[in-house]
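See below for the structure under consideration.
The values are calculated or read from the model by the stated rules, or taken from the named source; none is laboratory data. From a predicted model like this one, the values you see are computed outputs, not experimental measurements. Every residue, glycine as well, gets a Cβ built from its backbone with ideal geometry; the counts of neighbours run over all protein chains shown.
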Amino acid sequence: MIKEKVDVLVIGAGPSGCVSSAYLNKNGVNVKVVEKTKFPRPVVGESFIPRVMDHFEEVGLIPAIEKVGFEKKWGARFIRGEEKCVFDFSKKYGEGWDWTWQVPRAEFDNVVAEEVQRQGVEIEFQSEVIDVKFDGSNSTSIIRDVDGQIKEIEAKFIIDSSGFGRVLPKLLNLDAPSSVSGHSSIFAHVKDINRPDNEHGTLITFDIIETEVWLWVIPFSNGNTSIGVVGPTEYIEGLSPKGDSVEALRKVIGSSDFYRDRFIDLDFLFNPVLLKNYSCSVKQLYGDGFALTGNSSEFLDPVFSSGVAFATESGMLAAKLITRQLNGEKVDWEVEYTGYMKKGINVFSTYVKEWYTGNLQKLFFHQPANADVKEKICAVLAGYVWDESNPFVKKHDRVIKNMAYTIEM
């Protein structure tokens with residue numbers, strides 16, 4: 001049997017795995033990435049938020065990404081019937097990036113993985129972690145490649161960036177109920193031949209069909225657009241008695257006054273994908289010799305596009321803490337990793353929950369708009385959820401409820 005030794009084994013070559021491995025490599029850590037699939041491969045999570053740009057910048061990924069010409073995302077539009085609310089990231093509270101990208105993830109992830117490999121990171125594609133055994137913080141992972149051959153990789157630390165594959169949570173029985181649950185999604189791509197030739201044609205939009213049901217529209221620079229519906233699982237299942245995802249997605253498009261004419265007659269470029277009860281969580285974010293990042297640890301909801309930002313935030317932080325630990329420093333993982341990540345997760349969890357109660361929607365569409373409130377909410381939507389100088393971060397657990405109640409009065 002083939003045996004290898006590395007300092008750090010990263011599971012998964014998505015944005016989290018690439019950011020963490022690039023950081024480790026730049027800091028002299030012997031790192032290897034194993035990825036179950038062959039790139040490019042389709043994946044959801046096509047809209048980013050500005051916080052992710054800090055992570056791409058820190059490991060030198062932005063020049064390679066910019067060369068491709070992905071659609072820039074300057075903000076987001078929310079629609080409810082005749083009402084519209086637009087958030088401009090350049091008009092947010094505090095510092096931070098004013099833009100990001102909206103991308104077909106198959107192409108984007110491939111570009112990032114190629115750049116990380118160019119930097120010197122080894123990525124082994126079509127190789128699956130099928131078992132892991134720990135001896136203290138040291139681990140031995142059993143890897144099966146595309147030809148069915150088995151080998152062992154010994155590591156001092158594992159970063160699980162496997163996304164919805166959730167390798168370590170499954171192997172170590174770490175899954176836990178999510179605090180945000182009960183929703184599902186169906187999405188597909190279309191050739192957007194009816195796209196308006198202006199900024200409104202490329203602005204990412206969330207079209208609210210009902211309080212808990214909304215349609216996403218994410219235009220790409222290649223002329224295609226991602227369309228998806230999100231709603232309670234029972235609603236999604238009820239769209240088509242036969243479970244026909246094409247019928248289900250068309251039915252929701254047909255209920256959109258804003259997008260019906262643009263999309264109703266277009267063919268889907270692939271059979272619409274159902275993501276059922278997608279929210280997930282874990283009992284712990286780290287253990288002796290491993291850390292969980294991104295969707296392998298926690299996924300909330302696609303409504304504010306936070307997934308990739310939390311994935312790269314946790315991937316970058318795990319890589320920094322591991323580098324310090326390998327250099328002999330003492331790291332308090334409970335405080336510096338779990339404590340830090342949970343602060344941001346808790347803020348976004350509040351916003352997701354209050355979106356589905358309708359309270360946040362009341363603030364979005366209230367007229368006349370309060371510019372100060374909008375700037376502070378915009379900073380949260382941009383991903384700057386650790387800035388406690390922002391009262392909409394520091395008092396997230398009560399400020400939205402209180403303001404929605406004031407509006408009703």
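Summary of computed values
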item: Subset of region 282-299 (residues that are crowded, with 24+ Cβ neighbours inside 10 Å, out of contact with any Ser or Thr (no Cβ under 6 Å at 6 or more places or on another chain) and not in a strand (DSSP E or B)); result: Asn295, Ser297
item: Conditions (1) in contact with a helix residue (DSSP H, G or I) (Cβ under 9 Å, 6 or more places away or on another chain); (2) surrounded by fewer than 24 Cβ atoms within 10 Å (Cβ to Cβ): number failed by Lys3; result: (1)
item: All strands (runs of 3 or more DSSP E) inside region 150-239 with 2 or more residues being farther than 29 Å from Trp101 by Cβ and of a type in the set (D, E, K, R); result: 150-160
item: All positions within region 267-294 that are more than 16 Å from the chain's Cα centre (by Cα) and aliphatic (A, V, I, L, M); result: Leu269, Val273, Leu274, Val282, Leu285, Ala291
item: Enumeration of residues in region 46-88 that are in a helix (DSSP H, G or I), of a type outside the set (Val, Ile, Thr) and surrounded by 14 or more Cβ atoms within 10 Å (Cβ to Cβ); result: Arg51, Met53, Asp54, His55, Phe56, Glu58, Ala64
item: Any hit, region 96-117, residues being surrounded by 17 or more Cβ atoms within 10 Å (Cβ to Cβ), assigned to a helix (DSSP H, G or I) and of a type in the set (Lys, Arg); result: yes
item: Identity of the residue in region 387-409, without any contact (Cβ under 8 Å) to a residue 40 or more places away in the chain and farther than 15 Å from Lys374 by Cβ, that ends up surrounded by the fewest Cβ atoms within 10 Å (Cβ to Cβ); result: Met409
item: Selected residue (only one of Val43, Val10 is closer than 14 Å to Ala113 by Cβ, part of a loop (DSSP other than H, G, I, E, B), under 20 Å from the mean Cα position of the chain (by Cα) and not assigned by TED's automatic domain parsing to the domain that holds Ser221); result: Val43
item: Scope region 32-54; condition small (Gly, Ala, Ser) and at pLDDT 95 or above; matching residues; result: Ser47
item: Flag if Lys374 is touching a strand residue (DSSP E or B) at 6+ places or on another chain (Cβ under 8 Å), surrounded by fewer than 23 Cβ atoms within 10 Å (Cβ to Cβ) and modelled with pLDDT of 95 or more; result: yes
